[in-house]
Amino acid sequence: MPERVIVIDYGGQYNQLVARRVRENNVYCEIYSYKTPLEQIKKMNPKGIILTGGPNSVYEENAASAPRELFEWGIPILGLCYGAQLMMHILGGKVERANEKEFGKTHMALDQTKNPLFAEVPKESVVWMSHNDYVTKLAPGFSVIAHTDNCPNAAFAREDQKLYGFQFHPEVLHSEYGRQMLANFVLRICGCSGDWRMDDFADQTIASLRRKIGDGKVLCGLSGGVDSSVAAVLLSKAIGRQLTCVFVDHGLLRKDEGDQVEAVFGPEGPYELNFVRVNAKDRFYEKLAGVEEPERKRKIIGEEFIRVFEAEAKKIGRVDYLVQGTIYPDVVESGLGGESATIKSHHNVGGLPDYVDFKEIVEPLRDLFKDEVRKVGLHLGIPEELVMRQPFPGPGLGIRIIGAITEEKVRIVQEADAIYREEMEKAGLNRTAGQYFAALTNMRSVGVMGDERTYDYAIALRAVNTVDFMTADVVEIPYEVLKKVTTRIINEVNHVNRVFYDITSKPPGTIEFE
Ligand code: GLN
């Protein structure tokens, strides 16, 4: 079992970020609900515990709590916001409603610059606050180690028992030195060695898949996305031709994407596996004809996808294992790992598909975050263009074409998107812009080309960066690049006579259009 730190989740918005920050130090980390019995947590033998923030107030009846024994266990514990308030409440301090609630960036000054928790942190820095309550009296044995104008106990510690509390959120990037503080906690206070490596993960996973599967048959639905690709390669390395990958090409992929997937996973590619590509675009276009409503389009694509996959699976017959590309955020968001239980149920987690005859699900990426999946992918030698691929929605271009879908519209958006991506790469913006794509608006307007009147479609370009997953900022693409992309799209893509750039952030917009 790798050395680990456990995050106990009180329902805070940033709980996954806490775990990521720990893992950035090459220390394995898992999230558990505060309802998990202490005995179970103890069995995992963690080097330290972090308690997250949460929506409750500790003095309310039925507020999320913790057993007192947790703090008497003797391992380092860091409470963040609610977690810190809870530690004080249980150990004899006082938490009250603040007159001035603090939200956002706040200046904090250290009272103990020598504390190992603050190694390499300057005396004054900005931290991110988000609270209504505050600690008015520290529990016996604790002392203040940092304060802000409105918050006398912004950070506190009881050194002899290695108990620490932060009123602020070190896990969000708005806390300038938050990363450093969490690294200090994990490496200096908990004494973790930071030797958890993605390469080890890949090798260990391949070995354990081989052991588990034996000579069983395995079926994997390949989408061409990062997760299913990495899962497929892990399995191919573990069991070779006992694996069959079914790739459903619904005709709503980006330009040439289907062929790219086939080049990597097909018979010409480097991996040992059985590859089945189903070219199902006609079926999809037929079902989607005339359908304009986004939710209905999504539903039709989702259902048709299952039908096609099911038909292929039947040809293969009974399999022992079905592979799913579930990753850790899916697990946590489904409420299985953490406490933010009700955000959404994830299609990958929980409900087992009943359309394929199989014994068991295998989820080799279940413990990893997205960037970790990418690292494993690169380690396994999967081409960078596939591993670094931008998030692409399951319904594909189906929801990047506003209104009804036709083969012609798919062609238009594919061509425009390919030009856009090419120019962004040429300008070196592909590294700085998180997600960018072209969409086809349902608008047609009058233009003039070569002295002739046109009445054609408008393409919308979008480029956003998202820092915390819940919000997204628009990327300020240089005007020159936008002009170049626009000219090329209008010249090269038939039936487009206008290009727009969408400068709406999220919220109020969403990243995708439908
Ligand atoms: N609900 C508590 C408060 O308002 C804790 C908030 C938090 O953890 N972000 O102070």
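The values are calculated or read from the model by the stated rules, or taken from the named source; none is laboratory data. None of these values were measured; they are calculated from a predicted model. Glycine also receives a Cβ, built like all others from the backbone with ideal geometry; neighbour counts cover every protein chain displayed. To get the accessible areas, we keep the full protein, side chains included, count just its heavy atoms, and leave off ligands, DNA and RNA. Shrake-Rupley method; radii C 1.70, N 1.55, O 1.52, S 1.80 Å.
Observations, loosely collected:
Residue by residue, here is whether (1) in a strand (DSSP E or B); (2) within 13 Å of the ligand (Cβ to nearest atom); (3) open to solvent by 50 Å² or more (accessible area, probe 1.4 Å) holds:
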site	(1), (2), (3)
Leu17	no, yes, no
Val58	no, yes, no
Glu69	no, no, yes
His89	no, yes, yes
Ala109	yes, no, no
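- Identity of the residue in segment 19-35, over 15 Å from Leu80 (Cβ atoms) and either touching a helix residue (DSSP H, G or I) at 6+ places or on another chain (Cβ under 6 Å) or part of a loop (DSSP other than H, G, I, E, B) (or both), that ends up farthest from the ligand (Cβ to nearest atom): Asn26
- Meets criteria (assigned to a helix (DSSP H, G or I), open to solvent by 60 Å² or more (accessible area, probe 1.4 Å), at negative phi and without any contact (Cβ under 8 Å) to a residue 40 or more places away in the chain) for Arg411: yes
- Of the residues making up segment 20-41, those that are more than 17 Å from Asn184 (Cβ to Cβ), charged (D, E, K, R) and open to solvent by 70 Å² or more (accessible area, probe 1.4 Å) are Lys35, Glu39.
- Test for Tyr457: is it over 24 Å from Glu292 (Cβ atoms), touching a helix residue (DSSP H, G or I) at 6+ places or on another chain (Cβ under 9 Å) and either in contact (Cβ under 8 Å) with a residue 12 or more places away in the chain or in a strand (DSSP E or B) (or both): no
- Test result for Glu385, open to solvent by 60 Å² or more (accessible area, probe 1.4 Å) and more than 23 Å from the chain's Cα centre (by Cα): no
- Beta carbons closer than 7 Å, at least 6 apart along the sequence or on distinct chains, pair a first residue in segment 490-501 that is in a helix (DSSP H, G or I) with a second that is open to solvent by less than 40 Å² (accessible area, probe 1.4 Å) for Ile490/Val496; Ile490/Asn497; Ile490/Val499; Glu492/Ile419.
- Just so you know, in segment 227-237 the residues that are open to solvent by 10 Å² or more (accessible area, probe 1.4 Å) and touching a helix residue (DSSP H, G or I) at 6+ places or on another chain (Cβ under 8 Å) include one that is modelled with the lowest pLDDT, and it is Asp227.
- Taken over segment 36-56, residues that are outside any strand (DSSP E or B) and within 16 Å of the ligand (Cβ to nearest atom) amount to 5.
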